[in-house]
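Quick notes on the structure that follows.
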There are 2 protein chains.
Amino acid sequence: MAGNRRPAGRPRTRILNREVITSAARRIIAIDGVPALTMTRLAQRLSVTPSALYNHATSKQEILRWIEDSVMGEIDASAFETTDWHTALREWARSYRDVMSAHSELIGALATVEVAESPRTVAMYEKVAAGLAAGGWPIASVVPLILTLESFIYGAAFNDHAPENVYDTGELSDLAPTFARAVEAQRGRDLRAINHELFEIGFDAIVDQTAERAGVPMPATTASA
Amino acid sequence: MAGNRRPAGRPRTRILNREVITSAARRIIAIDGVPALTMTRLAQRLSVTPSALYNHATSKQEILRWIEDSVMGEIDASAFETTDWHTALREWARSYRDVMSAHSELIGALATVEVAESPRTVAMYEKVAAGLAAGGWPIASVVPLILTLESFIYGAAFNDHAPENVYDTGELSDLAPTFARAVEAQRGRDLRAINHELFEIGFDAIVDQTAERAGVPMPATTASA
DNA sequence: ACCTGAACACCGTTCAAGT
DNA sequence: ACCTGAACACCGTTCAAGT
């Protein structure tokens, strides 16, 4: 028995696991972006050979899924435990938007991945689903609502990421006089601020209409922080 | 003079250009997906050596931008020429959603690219901007409206692409009983149809609220095909 | 059980050499 | 002006060999 335990004083050398790999990978992405995440670079950060990683992950794709779950775990759905569903849903949506916005590089990779092996992601959805159900939403309307809001949230995160000059027409402005004028009218305005303002409008619009359609009454006291 | 012209009967061998490269690339993506688009594969399709492509495009990235412009050019904004802005905007949004949905693999790559060297994209935006301006929209509200709708459209296209089982919790369903039940309640229902229905709701909600805010009256006869 | 080191089949891109 | 062919510096992944 005792022979199986590592001798005292000898440093542990087996340090690779999902958690440690995920956080090293996220650090690389945070510093140098998604394209910088290579198996070689990741192995270097972990003081290990690239092939060693394959003892813990079956592929780079799997590591990307770990990262996704890790990011989704940052979304704050705790408001469902403390306030009415409408307020909680808004705070969740904002948090979701902010998290996705901060990791917009990943959106393309993340959006189509299944949720099956992603414990933190599933936990997040559970909080939302439970909160909505407790708030009077019929179970059959929960997924459609989440789907629609996610649509909007992903899109909003995209726009947050968009460079200031996405709409610059460059040499083509002669061909697009009205559009060029419309773009010019935004010059100097904070696109991000506009975007966030529009997010609130869109959120209210979607939730109000969906709730009405599902026959769900608004909570008595709707805070709108 | 005559000496510069290619001799009759000799086949032209210089056939590479933006158009021909773009369409070959799109065909590869259509058949085998985005990952299958490599410079080698593209060159093969064009009966040419990979390095030959670099006489026409400065990088693979540039070719991806050509593809983006080509895809955006398929969005139908012609309704602005024939009907009121509200109906036209809806038809444009549906077309945009359908085009993005059909090319959802590209969304991640496309969303952050500038519009500067993209003539068909700019032409599409011009139709929308001109139509809105003619319909009474203040020029300063045009870009914000487009931004918000694009948010929603991209998100909706994402959801169209989502596999049926995105929300399957797998072995984790014990940890997420309510969410698992909510997902189960959708089983057998056509997610795509639900998604399209919700798209209309979201669209109306966003446009109505944004128009009201901008002080734009609805057109007298709003068709809702 | 886990890591190394060599190898494999690819990538995108460059560049001298040809016509 | 445009294409070829060889080369370069990478990729992700596999696998026998070690401990």
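Grab the alpha carbons of chain B, take their convex hull, and tell me the volume per residue in Å³.
Expressed per residue, the convex hull around the Cα atoms of chain B is 210 Å³.
Assume the label is 7 Å from Cα along Cα to beta carbon: what separations in nm does B:Val20 have to the matching positions in the other copies?
5.5
To make sure I understand the rule: partners must be lysines, Cα under 29 Å from the Cα of B:Lys60, and not fewer than 8 residues away in the same chain. Which ones qualify?
Partners within reach: A:Lys60.
Kirkwood hydrodynamic radius (Cα pairs, Å) of the protein assembly as shown?
Numbers: mean 1/r = 0.0410 Å⁻¹.
In the protein assembly as shown this quantity evaluates to 24.4 Å.
Between A:Ala25, A:Ala129, A:Ala57, which gets the highest mean-square fluctuation from a Gaussian network model of chain A, Cα cutoff 10 Å?
Most flexible of the set in this elastic network: A:Ala57.
May I ask you to compute the full-extension gain from A:Glu74 to A:Val20, defined as 0.36 nm times their residue separation minus their alpha-carbon distance, rounded to one decimal in nm?
17.7 nm
Which net charge results for the neighbourhood of A:Val99, defined as the other residues with beta-carbon distances under 10 angstrom from its beta-carbon, given Lys and Arg at +1 and Asp and Glu at -1?
Details: positive: A:Arg94, A:Arg97; negative: A:Glu74, A:Asp76, A:Asp98.
Result for the neighbourhood of A:Val99: -1.
Can you list the copy-to-copy distances for B:Asp32, using a point 7 angstrom from Cα toward Cβ, in nanometres, shortest first?
Reported distances to equivalent positions: 3.0 nm.
Can you pull the mean other chain C-beta count within 10 Å for peptide A:193-202?
Average per residue, whole number: 4.
In debye to the nearest 20, how big a dipole does the protein assembly as shown give about its Cα centre with +1 on each Lys and Arg Cβ and -1 on each Asp and Glu Cβ?
Details: 44 positive and 56 negative charges, 513 e Å.
Charge dipole of the protein assembly as shown: 2460 debye, to the nearest 20.
Other chains' Cβ within 10 Å of B:137-147 residues: what's the mean?
Average per residue, whole number: 6.
Straight distance only, please: which lysines reach the Cα of A:Lys127 with their own Cα at less than 24 Å, same-chain residues fewer than 8 apart left out?
none
Per-residue Cβ counts within 10 Å, from other chains only, averaged over B:208-217: what number is that?
For peptide B:208-217, the averaged partner shielding equals 2.
Which residue fluctuates most in the GNM of chain A (Cα springs below 10 Å): A:Val71, A:Val99, A:Val20?
Of the options given, A:Val20 has the highest mean-square fluctuation.
Suppose only helical runs count, i.e. DSSP H with n ≥ 4. What mean residue ellipticity at 222 nm does that imply for the protein assembly as shown under -39500 (n - 2.57) per run, divided by all residues and rounded to the nearest 500 deg cm²/dmol?
Taking each H run of at least 4 residues, the total per residue is -19000 deg cm²/dmol.
Share of Cα-Cα pairs in region A:14-58 beyond 13 Å, in percent?
Of all Cα-Cα distances in region A:14-58, 47 percent exceed 13 Å.
Under a GNM of chain A (C-alpha, springs under 10 Å), which listed residue has the highest mean-square fluctuation: A:Gly202, A:Gly215, A:Gly135?
A:Gly215
Read-outs: derived from the displayed coordinates by stated rules, not from any lab. Owing to the predicted nature of the structure, the values given are computational and were not obtained by experimental measurement. Cβ: placed from backbone, ideal geometry, glycine included. Neighbour counts: every protein chain shown.
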